[in-house]
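Take a look at the structure set out below.
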Amino acid sequence: QVQLVESGGGLVQAGGSLRLFCAASGRTFSMYAMGWFRQAPGKEREFVASISLTGAIKYYADSVKGRFTVSRDNAKNTVYLQMNSLAPEDTAVYYCAADPDTRRLRVGSPDYWGQGTQVTVSS
């Protein structure tokens, strides 16, 4: 079992930045690929970014490439999402996810989900 707890969300003006945190506990963190998803009101949950077990391989949704950066610190059991140049369309609940299989995580079927953290970008 893996428990995921997100933090760092909040209200920010367009063009601003936020850094999300996801703290993991339970099984060995370094055994899991980690990812971020988001769900805006009235929309389905969508993939944002993922990072491999060692952090060497990262994937991003086209909508966030060049603005968002995913990273992890296996010593701290934490994954991060640095979000820059935020826009109102980035407003959503952001979820952290974990799975030993990167492909399964990227298609939105990870073994574990966090409870989410709200990000609101005002225009």
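Taking a spot 7 Å from the Cα of Thr54 along the direction of its beta carbon, which residues of the stretch 96-110 have an amide N less than 16 Å from it?
102
Sorting Ser123, Ser52, Ser17 by accessible area (1.4 Å probe), largest first, what list results?
Ser123, Ser17, Ser52
List the relative contact order of the stretch 81-123 as a percent without decimals, with contacts defined as Cα pairs under 8 Å and 6+ residues apart.
This gives 51 percent for the stretch 81-123.
Tell me the accessible surface of Arg45 in square angstrom (1.4 angstrom probe, heavy atoms of protein chains only), to the nearest ten.
Rounded to the nearest 10, that gives 100 Å².
Using a probe radius of 1.4 Å on heavy atoms only, what accessible surface per residue do you get for the chain? Whole Å² is fine.
Per-residue value: 51 Å².
Relative contact order, percent, of the chain when contacts are C-alpha pairs under 8 Å separated by at least 6 residues?
It comes to 36 percent, rounded to a whole number.
At q = 0.16, 0.33 Å⁻¹, what base-10 log of I(q)/I(0) does the Debye formula yield for the stretch 22-65 when every alpha carbon is treated as an equal point scatterer in vacuo?
For the stretch 22-65, the Cα-only Debye profile gives -0.52, -1.15.
Probe radius 1.4 Å, ligands and nucleic acids left out: which of Val119, Val12, Val5 has the largest accessible area, and how do the rest follow?
Output order, biggest surface exposure first: Val5, Val12, Val119.
Work out the P(r) tail for the chain: percent of alpha carbon pairs separated by more than 19 Å, whole number.
39 percent
May I have the convex hull volume per residue, in Å³, for the Cα set of the stretch 61-123?
Looking at the stretch 61-123, the number lands at 105 Å³ per residue.
Share of the chain's accessible area from carbon and sulfur, percent, 1.4 Å?
Taking all protein chains in place, the chain shows 48 percent carbon and sulfur surface.
Would you kindly state how much longer the chain becomes between Arg27 and Ala75 on full extension, computed as 0.36 nm times their sequence separation minus their alpha carbon distance, in nm to one decimal?
Taking Arg27 through Ala75 to full extension adds about 15.9 nm, to one decimal.
The values are calculated or read from the model by the stated rules, or taken from the named source; none is laboratory data. What you see is a predicted model, and the numbers here were worked out from it, not measured in a lab. In this analysis, Cβ positions are derived from the backbone assuming ideal geometry, glycine residues included, and neighbour counts consider all displayed protein chains. For the accessible areas, the whole protein counts, side chains as well, though only heavy atoms, and no ligand, DNA or RNA atoms are used. Shrake-Rupley method; radii C 1.70, N 1.55, O 1.52, S 1.80 Å.
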